[in-house]
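Here the structure comes first, spelled out in structure tokens, and everything after it is commentary.
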Amino acid sequence: MSKRHPLVMLIALGLAAAPLQAHYDVWVGRSSSGQLRVVRVPEYAWRLPPLGASGPLYGWLDNDPGFSSLPVPNLGADLYLLQFGATLWLELVSIDPGTKVWSPVLSDYIDAPGQRLILGSFNLHTHVNWHVDAAALGDDFFGLRSVVFRIVDTGSTRYTPSAPVALTLEVVPARAGDCDNGGTLDLTDFDAWAQCLVGPGVYYTGACGCADHDGDHDVDLRDFAHLQPAFSASATPR
């Protein structure tokens, strides 16, 4: 049901040796009627940083957001803990071309509707890898990719599949603020920042991750404070 790529185990070993970072998880629970529920899905486009040029994977990849079992029930929201016996899978409903979802150790991937990737059991905690493939889209691609999925249970609990969940991924350039991926910060990038400006605490929409210098999912004057010195340095004659 998923495709295997044994060479990328080299990348998995490299990731395991990297410094630990804070992770973001969506939560999976169930309703009182036995339907799986997915909550804490990001309301903003999730930014994918660029991979190195050494391969065997190319493009942009991140292992957040991950998946965890609902930690505490919320009866008012009809959210209950998963029970022993559940076996949970991520099943693709739709996915944009050039986009793949890899297993945590980068040995299997899915990239077509109906394909499934195993997540785990009732005490779920895992991080799949969201990948936009430069080999398919080109090194100069930037913008948004969409993945729509649902969570399916094949265990003894036989929960009803969750409603479809939409996740938006954003490819961002290697250099923060370089919104046209041109290699320098110039007036085009300033214009992109100005068009994305929403103010503090307001999630931006569209492909604005390149203008979010401090990574707080809004575009405001704090981001301009990061842009201005780099912009001035790029504009200085050499």
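Just so you know, all these numbers are worked out from the coordinates, no wet-lab data involved. If you're wondering where the values come from, they're calculated on a predicted model, not measured in any experiment. Please note: Cβ atoms are built from the backbone with ideal geometry, for glycine as well, and neighbour counts cover all protein chains shown.
In table form, for the structure just shown:
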read-out	value
Long-range HN-HN contacts of residue 86 with modeled amide H, under 5 Å	122, 157
Extension gain from residue 222 to residue 184, taking 0.36 nm per residue of separation minus the Cα-Cα distance	11.7 nm
Given charges at beta-carbon only (K, R positive; D, E negative), |dipole| of segment 35-124 in Debye	100
Cβ-placed point charges (K, R +1; D, E -1), dipole of segment 3-171 about Cα centre in debye, nearest 20	480
Gain on full stretching of the segment that runs from residue 191 to residue 214 - 0.36 nm per residue minus C-alpha separation	6.5 nm
